[in-house]
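Below: one structure, written as structure tokens.
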Amino acid sequence: MHPPTSAIVRWLAAGDAGEFETFDSLLHPDVVVHAPGGLSTSSRAEEVNVWMAAIEAISDLRHEIQELLIADDVEMARVVVAGTMKKDFGGVVAREQEVRLDQAVIVHLRDGMITEAWEIVNLTELSH
């Protein structure tokens, strides 16, 4: 079980559930998220749009946290992203099948809110 106070845990859980109003208390309005596949964002509103598109493209989207490290104003997690690709998303062609991708998420916090995040995803797993 991971700490419910973790910003990463709350961010990914809210996104998976489509509870984007929760982002107001988790993401700084000018949050910068570095992500692969043209999915980088530079505001909370842009990040909500990416999550909405992700949920539309990947039914049953879920982020399964495998490991979590919290140190002061930095959090890091090793995550498995899973779901069924129904539509192309982030440069990945939908195959109408379950996908499982390894991901690393690193966030910087200020006043308990995410100000910058990096999402590193192993897309080579999709080439099999």
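Residues that are among the small types (Gly, Ala, Ser) and in contact with a Leu (Cβ under 7 Å, 6 or more places away or on another chain) were ranked within region 70-89; the one that is surrounded by the most Cβ atoms within 10 Å (Cβ to Cβ) is Ala77. In region 48-64, is there at least one residue being farther than 15 Å from Gly15 by Cβ and not aliphatic (A, V, I, L, M)? Checked against the condition, which is being farther than 15 Å from Gly15 by Cβ and not aliphatic (A, V, I, L, M), region 48-64 yields no hits at all. Residues in region 50-69 that are modelled with pLDDT of 95 or more and either in contact with a Ser or Thr (Cβ under 8 Å, 6 or more places away or on another chain) or polar (S, T, N, Q) (or both) were compared, and the one that is surrounded by the most Cβ atoms within 10 Å (Cβ to Cβ) is Val50. If we keep just the residues of region 96-120 that are buried (at least 18 other Cβ atoms within 10 Å of the Cβ) and under 10 Å from the mean Cα position of the chain (by Cα), which is nearest to Ser59 (Cα to Cα)? Out of the qualifying residues, it is Gln103. Scan region 77-100 for residues that are assigned to a loop (DSSP other than H, G, I, E, B), among the small types (Gly, Ala, Ser) and at negative phi and report the count. Qualifying residue count, region 77-100: 1. Within region 25-54, the set of residues being aliphatic (A, V, I, L, M), in contact with a helix residue (DSSP H, G or I) (Cβ under 6 Å, 6 or more places away or on another chain) and assigned to a helix (DSSP H, G or I) comprises Leu26, Val48. Return yes or no: is Glu47 of a type outside the set (Ser, Thr, Tyr) and at pLDDT 95 or above? The answer is yes for Glu47.
The values are calculated or read from the model by the stated rules, or taken from the named source; none is laboratory data. These numbers were taken from a predicted model, which means no experiment stands behind them. So basically every Cβ, Gly included, is an ideal-geometry build from the backbone, and we count neighbours across all protein chains shown.
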